[in-house]
Amino acid sequence: MAAALAWLRREAWGTARRSRSYSGASAYPSVSLALPLPGVPRAVFAAADGRERFETRVTVLENGLRVASQRKFGQFCTVGLLINSGSRHEAKYLSGISHFLEKLAFSSTAQFGSKDEILLTLEKHGGICDCQASRDTIMYAVSADARGLDTVVNLLADVALQPRLSDEEMEMTRAAIRFELEDLNMRPDPEPLLTEMIHAAAYRENTVGLNRFCPVENTTKIDRQVLHSYLRNYYTPDRMVLAGVGIEHEQLVECAKKHLLGVEPVWGSGKTKDVDKSVAQYTGGIVKVEKDMSDVSLGPTPIPELTHIMIGLESCSFLEEDFIPFAVLNMMMGGGGSFSAGGPGKGMFTRLYLNVLNRHHWMYNATSYHHSYEDTGLLCIHASADPKQVREMVEIITREFILMAGAVGEVELERAKTQLKSMLMMNLESRPVIFEDVGRQVLATNTRKLPHELCDLISQVKPTDIKRVVTRMLHKKPAVAALGDLSDLPTYEHIQAALSSKDGRLPRLYRLFR
């Protein structure tokens, strides 16, 4: 122990002596740091204005398929096929085909004998896969190591164009869809169900108003022949975009030419017919579902019985200039549930919090939604409360719609624009979100607006723009969806009258005889 301490003292003394010997100015040569050091390579700095490096590149192949890519730093990439096909195109077919295709995705194909084989192939490249079907688009996506790009594109081509659709897979899909439909009706959160209902009310029996979920009665009617008939018309190269994020454009184009050019689909390559090119027709209207909501969430702390109302009006398509003002308006309305804990960026200063949830303690939810498509859009407010207070709840929501056309404060507008830009930029840090944004924009417009362009458009929105789009919106008939105990629900005509009035109040006749 003593020897160790003596060694430490010697080391400390030696270090101190060495430091004193180098402390003089003559120990180092005099070198100016303003001049390049001799023998050291000149530094190359990143340019702050190199946006052109991050522009989305698009190439159209001979068969009409579009290949779009976006560079992003990292070892992994997200690549997928987006197809202009969805429930809005099922008018001439059995409703629910897109729902079937979503559930059947990444099952057995010409090259892969089973779903397990596909997953094992992806595992070699650290990959995962997913398929999502919406009203206007179906999307097959894979995230994997960029070095496995050829395998990924080959897999995507096989999954989209060469599915086996075996009898066993069809039966499993039928069972999965039946279970999902049961779960949808038992779920405490009715938002997916209300979204279906508001679309059905707003676009009665046309385009985006068609049911996104397969009706139970159609599960036994949809078979391989029905699916092939649909796929022949809608899974064509000119309706597809191969999008990739985190890979080189030239490499993606080469893979597309190799695996998606001149490929014969399993349903044949006959001439397309019966392609639905219908434009959405906004009708307005009401869809009501009387339902006992008293037992949706049993347990030690059950959710109280609520009646859910969603009121919507037609906005505009995402291709129109007014899309940005509507997006700002939706952010300005904001809202959420009454159990929110708040916090920075939570939107506690939005109108539906300040004017509705903070003033009416009995309301459990008030949230604004904006659904936008290629040819139409829908701005809605969803609210929920005790069945005995449905009338008051409806009147509060109609008054909020009328107040949208009133004065817009400079502070609340700037806050909404800042929050929208913040949300946009935060979401676009995620590679899968960039992929979907690239794919959807190129599918609709053959090009892509970059985030800084969208932020510039958001910054240009003025109070007069908000007033203009709201005034136009309020001239349309409302769409109403109602779920739960509806004994106190005002009539559709009264709701329409309230939205046509100056103050948004329901007719007095209804209140006198309540």
Where a residue in the stretch 167-195 is within 14 Å of Cys214 (Cα to Cα) and polar (S, T, N, Q) and its partner, wherever it lies, is open to solvent by 60 Å² or more (accessible area, probe 1.4 Å) and part of a helix (DSSP H, G or I), with Cβ under 7 Å and at least six apart: Thr173/Lys103
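Yes/no matrix, rows are residues, columns are (1) assigned by the TED database to the domain that holds Pro304; (2) in a loop (DSSP other than H, G, I, E, B); (3) open to solvent by 20 Å² or more (accessible area, probe 1.4 Å):
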position	(1), (2), (3)
Ala160	no, no, no
Leu165	no, yes, no
Glu171	no, no, yes
Ala176	no, no, yes
Leu194	no, no, no
Scanning the stretch 123-139 residue by residue, those in a strand (DSSP E or B) and either among the basic types (Lys, Arg) or surrounded by 17 or more Cβ atoms within 10 Å (Cβ to Cβ) (or both) turn out to be Cys129, Cys131, Ala133, Ile138, Met139
Taking the stretch 247-264, which residues are closer than 13 Å to Asn154 by Cβ and open to solvent by 90 Å² or more (accessible area, probe 1.4 Å)? Glu254, Lys258
Of the conditions (1) free of Cβ contacts under 8 Å to residues at least 12 places away in the same chain; (2) assigned to a loop (DSSP other than H, G, I, E, B), Gly74 satisfies every one except a single condition; which number is it? (1)
Here is a list of conditions, (1) farther than 23 Å from Lys277 by Cα; (2) open to solvent by 30 Å² or more (accessible area, probe 1.4 Å), and Asp145 meets all of them except one; can you say which number that is? (2)
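Give the residues of the stretch 196-228 that are open to solvent by less than 40 Å² (accessible area, probe 1.4 Å), among the hydrophobic types (A, V, I, L, M, F, W, C) and either part of a helix (DSSP H, G or I) or at pLDDT below 95 (or both), sorted by residue number.
Going residue by residue through the stretch 196-228, those that are open to solvent by less than 40 Å² (accessible area, probe 1.4 Å) are 196-203, 206-210, 213-215, 218-219, 222, 226-228.
Narrowing the set further to residues that are among the hydrophobic types (A, V, I, L, M, F, W, C) leaves 197-198, 200-202, 208, 210, 213-214, 222, 226-227.
Across the stretch 196-228, the qualifying residues are Met197, Ile198, Ala200, Ala201, Ala202, Val208, Val226, Leu227.
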Arg472: passes all of (1) under 26 Å from Lys502 (Cβ atoms); (2) exposed (fewer than 14 other Cβ atoms within 10 Å of the Cβ) but (2)
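Any idea how many residues of the stretch 93-148 are among the hydrophobic types (A, V, I, L, M, F, W, C) and under 15 Å from Tyr230 (Cβ atoms)? Working first, answer last.
Here is the first cut: in the stretch 93-148, the residues among the hydrophobic types (A, V, I, L, M, F, W, C) are 94, 97, 100-101, 104-106, 110, 112, 118-120, 122, 128-129, 131, 133, 138-139, 141-142, 144, 146.
Next cut, under 15 Å from Tyr230 (Cβ atoms) only: 94, 97, 100-101, 104-105, 133, 138.
Here the count works out to 8.
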Any idea which of (1) open to solvent by less than 20 Å² (accessible area, probe 1.4 Å); (2) out of contact with any Leu (no Cβ under 7 Å at 6 or more places or on another chain); (3) at pLDDT 95 or above is the one Phe323 doesn't satisfy? (1)
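The values are calculated or read from the model by the stated rules, or taken from the named source; none is laboratory data. Just so we're clear, the structure is a prediction, and the values are computed from it rather than from any experiment. Note that each Cβ is placed from the backbone with ideal geometry, even for glycine, and that neighbours are counted across all protein chains shown. When the accessible area is computed, the model is the full protein with side chains, heavy atoms only, and any ligands, DNA or RNA have been set aside. Shrake-Rupley method; radii C 1.70, N 1.55, O 1.52, S 1.80 Å.
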